[in-house]
1. When you check ALA575 against the structure, is it closer than 27 Å to GLY482 by Cβ and not in a helix (DSSP H, G or I), yes or no?
2. Which members of the range 522-532 meet the condition of being surrounded by fewer than 24 Cβ atoms within 10 Å (Cβ to Cβ) and among the aromatic types (Phe, Trp, Tyr)?
3. Is it the case, given these coordinates, that THR78 is in contact (Cβ under 8 Å) with a residue 24 or more places away in the chain, closer than 30 Å to THR30 by Cβ, crowded, with 19+ Cβ neighbours inside 10 Å and of a type in the set (Val, Ile, Thr)?
4. For the range 461-560, which fully contained helices (runs of 4 or more DSSP H) count at least 1 residues that are within 16 Å of ligand 1 (Cβ to nearest atom) and in contact (Cβ under 8 Å) with a residue 40 or more places away in the chain?
5. Hey, among GLY497, GLY557, which residue is of a type in the set (Gly, Ala, Ser), within 19 Å of the chain's Cα centre (by Cα) and closer than 30 Å to ASN68 by Cα?
6. Say we look at the range 119-161 and pick out the residues that are buried (at least 21 other Cβ atoms within 10 Å of the Cβ) and not aliphatic (A, V, I, L, M); which of these is nearest to LEU280 (Cα to Cα)?
7. For residues that are within 16 Å of ligand 1 (Cβ to nearest atom) and part of a loop (DSSP other than H, G, I, E, B), tally how many sit in the range 389-410.
8. Looking at TRP270, TRP209, which is the one that is within 24 Å of the chain's Cα centre (by Cα), touching a residue at least 12 places away in the same chain (Cβ under 8 Å) and within 16 Å of ligand 2 (Cβ to nearest atom)?
Amino acid sequence: MKQVFSALPALSLALFSFSSTASFAESKVTVEDARAFLKSSEKAIEEISEEAGRIAWVNANFITYDTNWLNALMSERTTKLYVSLANQTKQFAELDLPPDLARKMKLLKLGLTLPAPENDPEKIKQLAQLNTEMETIYGTGKYEVDGEELSLSKLSKIMATSRDYDKLLEAWEGWRTISPPMKDMYSEMVEIVNQGSRELGFKDTGSMWRSKYDMDPDDFRQDLDRLWGEVKPLYDSLHCYVRGRLVDEYGADKVPSDGPIPAHLLGNMWAQSWGNIYPLVAPEGAEPGYDLTKLLEDQNYGPRKMVQTAEGFFTSLGFDPLPETFYERSLITEPRDRDVQCHASAWNVDGKNDLRIKMCTEVTGEDFNTVHHELGHNFYQRAYNQQSPMYQDDPNDGFHEAIGDMVSLSITPKYLKQIGLLPPDASEEVNTSILLAQALDKIAFLPFGLMVDQWRWKVFNGEYAPKDYNRGWWELREKYQGVAAPISRSDDAFDPGAKYHIPNNVPYTRYFLAHIFQFQFYREACRLAGWEGPLAACSIYGNKEVGKKFNAMLETGAALPWQDSLEAFTGSRKADATAILEYFAPLQSYLDEQNSGNSCGW
Ligand code: X8Z
Ligand code: ZN
């Protein structure tokens, strides 16, 4: 997660507080006024960001009554500042601004994820408290199994490793007991943020979120549908194949052979990536792949070594090493004696070089990938730290989520040999087994990546009223993912709240986009590297030329529309699913063969 911008001491606001109700015509603002306003806004943002960043860091690392209190206060101040600045941009709306100022004005208007009504301090305060409360419920949530209080990490481990239907069900259902108390808070929050969004000229908060992509928000929605249409056939084949294997494992009385898959059998608390059930679905009679978890264990990797290894990949591309303070200040393993937000995140606390991650790392292949994901955020943050504060961001949130993943696509057998995780005589081929394991993460994720915000957008536009929240969630889970709740869910349940990004209000379409972009970036990087074999076997490890061109895109930050940045790196101005399809093409043929004669779909 990126570090969020935040609030400013009330004083700094005075400089440019035109009343947003004063008519523009009367105030006769000029381009120079706009320039001065943006300058003072940037200063205000810079000042508040570091303070807010440090408080948010301490809160996420030590969840206590007092750090929550501080966090809510800071979040209230941040929202106040941002809402005020965003509303003030209206006064310059009619001016013909030079492109740089017009872009900054637009970014300022769209900067908030959760706007609030400007002249209602009580609502702003309430919003901050609701959010802190929901975040805390999630971060401290536990469920008792056999007399032991289990955190999400422990419950997730059960989901990943158990093959006992009832044990899985207990962990799955147990984690969802933490979220019903969030439901009313969530609906109160929706009311407030919609009010704030309307004040800024958007129909609702979902519409505001969709306006952040340098294109018409309706075209953006259509583009997502286009991309999903392109990858859905591959997802359908994977779903069909995996369901067949689960029927073999659990029986047709537990897994309907022509219906949705029970959501607790896919190796993950949210059925969002399925790599953990690889052993259940491994291709019979094919060359085996490798078990990355086992390779790490055998070589005595610990969390720190995993991070250093990922860092080594980035430095091999020519990026500078992480600062010393990264290792001093990061949280890399789960503390035993206190509550922390374990969901992995990456921070740049001072907007310069104070980079950190916070992650409850386990020695697994899954977390090895996540470590690369997080460092991708950090190297991106540092690459754009020379930009002016408003451009210290991605131009498309899908880019931020794609950087580290793009790098970890190069974790191929060849690369694992180079770093000594596979023996020198291991094959460098990316066979069907390896490709299938990869698809269980990357392809299985796509519909989940899409449905989370499809749900939120319907909540924000009122299509799902609070009484429909849970039903709507499962309607979309079934429609997109072809998974179903293993037991009937009450309307009082709030299963969306059991997923980090809902109580923490992190927009989710970014991850869907990232799963498309990362393959697009990777294909281009491999082309630059002169790679001619199958796409999935390409590794860009050690390639400084690729690193240099990639860095040029990262350094740009949000200064240009994402289409321009994408074009500079790949030559294309569109999100393009042909790269992910090319990567998995050999697997598609295998799945088609395996599925022939079976009825697919749900
Ligand atoms: O939240 C994350 C990262 C932090 S930005 C760990 N991810 C999504 C998730 O866990 O749901 C990465 C993949 C999708
Ligand atoms: Zn991320």
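The values are calculated or read from the model by the stated rules, or taken from the named source; none is laboratory data. Please read all numbers here as calculations on a predicted model, not as lab measurements. When we count neighbours, we look across all protein chains shown, and the Cβ atoms used for this are built from the backbone with ideal geometry, even at glycine.
1. Details: closer than 27 Å to GLY482 by Cβ: yes; not in a helix (DSSP H, G or I): yes.
When the stated conditions are applied, ALA575 passes them.
2. TRP531
3. Details: in contact (Cβ under 8 Å) with a residue 24 or more places away in the chain: yes; closer than 30 Å to THR30 by Cβ: yes; crowded, with 19+ Cβ neighbours inside 10 Å: yes; of a type in the set (Val, Ile, Thr): yes.
Judged against the criteria, THR78 is a match.
4. Numbers: elements: 469-476, 509-528, 544-556.
The helices (runs of 4 or more DSSP H) meeting that bar are 509-528.
5. GLY497
6. Step by step, filter the range 119-161, then rank; the result is SER156.
7. Looking only at the range 389-410, we keep the residues that are within 16 Å of ligand 1 (Cβ to nearest atom), and these are 393-394, 396-409.
Going one step further and asking which of them are part of a loop (DSSP other than H, G, I, E, B), we end up with 393-394, 396, 409.
Residues that pass the stated criteria total 4.
8. On the way: TRP209 fails: within 16 Å of ligand 2 (Cβ to nearest atom).
When all the criteria are applied, what remains is TRP270.
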